[in-house]
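No lab work stands behind these numbers, since they all come straight from the coordinates. Here the structure is a predicted model, which is why all the values come from computation and not from measurement. With ideal geometry, Cβ positions are generated from the backbone for all residues, glycine too; neighbour counts draw on all protein chains shown.
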Amino acid sequence: MKKILLSIVAIATLSLSTFGQAPEGFKYQAVVRDAGGLILNNQAVGMRLTVQQGSIGGTPVYTETFSTTTNAYGLVNLEIGTGTSTDDFTTIDWANGPYFIETAADVTGGTSYTVMGTRQL
């Protein structure tokens with residue numbers, strides 16, 4: 001009887017541990033260019049990323065900002081969910097999509113953002 005009970009507990013524990021969890025962040029990379037298309041290498045930039053629900057231009061459910069510096073190739077590496085925000089990334093209901101991400105940048109390193117584009121997640 002003990003073996004059966006122990007087996008049931010072990011199976012239940014393994015079953016519960018296999019359920020997926022929503023991420024607390026995800027990686028984002030972009031190459032930053034100026035209005036003329038030139039890569040901005042080793043330069044401070046401001047970035048604003050907005051997660052929108054439903055469609056492009058849909059309801060913003062999460063917005064955050066980053067102050068970062070591009071590398072020698074103009075690349076920035078960010079983790080959505082770890083920037084400066086008054087929103088809570090963990091409250092996004094990912095099952096209630098679709099979701100889109102709007103990227104905005106200030107190539108002078110400030111907060112006068114220009115929308116660069118929006119893509120579906």
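Where Lys and Arg each count +1 and Asp and Glu each count -1, what net charge lies around V45 among other residues with Cβ under 11 Å from its Cβ? Counting the neighbours of V45, the net charge comes to 0. In order along region 43-52, the Karplus-derived 3J(HN,Hα) couplings, from 6.51 cos²θ - 1.76 cosθ + 1.60 at θ = phi - 60°, round to 10, 5, 9, x, 10, 10, 10, 10, 8, 10 Hz, and Gly and Pro are given as x.
The amide H of V61, built 1.01 Å from its N in the peptide plane, has V51, Q52, Q53 as neighbours under 5 Å, considering only residues 5 or more places off or on other chains. Annotation: amide H of Q43 within the under-5 Å range of T70, sequence separation 5 or more or interchain, hydrogens built in the peptide plane. Listed values for region 78-95 are Karplus-derived 3J(HN,Hα) couplings in whole Hz (6.51 cos²θ - 1.76 cosθ + 1.60, θ = phi - 60°), namely 10, 10, 5, x, 10, x, 7, 7, 9, 8, 10, 4, 6, 8, 5, 8, 4, 6, and x replaces Gly and Pro.
Remark: relative contact order (region 49-116) = 37 percent; criterion is Cα-Cα distance under 8 angstrom and separation of 6 or more residues. Taking a point 7 Å out from the Cα of A44 in the direction of its Cβ, the residues of region 54-89 whose backbone N falls within less than 18 Å of it are 65-72, 74-77, 84.
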